[in-house]
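Below: the structure, in structure tokens.
The values are calculated or read from the model by the stated rules, or taken from the named source; none is laboratory data. What you see is a predicted model, and the numbers here were worked out from it, not measured in a lab. Here the Cβ is made from the backbone with ideal geometry for all residues, glycine too, and neighbour counts use every protein chain on show.
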Amino acid sequence: MERRDFLQKPLLGAAVLGAAAMPYGISRLLAPRGDPQKLTPQRNYLRPPGALKGAAAFAAACIGCGLCGEICPPRCIRFHARDGGSDVNTPYIDAADKGCTLCGKCMEVCPTEAISVVQRDQVDMGVAEIDRTACYPWVDRGICGACVSICPLGAKAIGFKLWNQYQPIIRTGCVGCGLCVEVCPHPSKPIWTVDRQPAKSGAARA
């Protein structure tokens, strides 16, 4: 009898612990999952080049085959999982980790209209913006130029301010590939890619 009590008490304790944890586990499973950019700001999450415009349209066209990620040479394409809601299994690029090289291979293999073939300089993944209150050269904290050096489109997309050869400025040819974000040495990443908007006065572009 004592041996039975000895075995029953740990089992009872484990059962109580498991029952107590069930509501938390169920709530995690049933929690609504939306766009990760709305749940946790991810200002550098981009769609692959040539992606169909509009989140709903893209999610509807993408079949989640994964071909774009498999063929991507720099392996910059990832896929939404439970964080994506209706975007589950659709591709995205986290520019802060690895930007797009604009090789175009993902556009060639996509079997649907989710990603279409577009000329390199006509890609529209967004446009880069620079926080001039944090960028090292803009606050006189040193010489950098990493963003300018890495850009695959060169001077038509990014360059230096005329009177100061070290302060970077975004130009109209930027297609938002995110390579500049990847190589930025500043911990806070004061350069990021945003949706392309009509030009505003005072914007950090030229």
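Observations on the model:
- When segment 108-128 is filtered for residues that are surrounded by fewer than 20 Cβ atoms within 10 Å (Cβ to Cβ) and either within 18 Å of the chain's Cα centre (by Cα) or in a loop (DSSP other than H, G, I, E, B) (or both), the ones remaining, listed by number, are Pro111, Thr112, Glu113, Ser116, Val117, Val118, Gln119, Asp124.
- Answer from Arg82, Arg132 - the residue that is of a type in the set (Lys, Arg), exposed (fewer than 14 other Cβ atoms within 10 Å of the Cβ) and more than 17 Å from Gly178 (Cα to Cα): Arg82
- Checked against (1) within 12 Å of Gly178 (Cβ to Cβ); (2) surrounded by 14 or more Cβ atoms within 10 Å (Cβ to Cβ), Asp97 passes all but a single condition, namely (2).
- Hey, Gln197 over 15 Å from the mean Cα position of the chain (by Cα), at pLDDT below 95, of a type in the set (S, T, N, Q) and closer than 19 Å to Leu46 by Cα or not: yes
- Ile143 vs. criteria β-branched (Val, Ile, Thr), at negative phi and at pLDDT 95 or above: no
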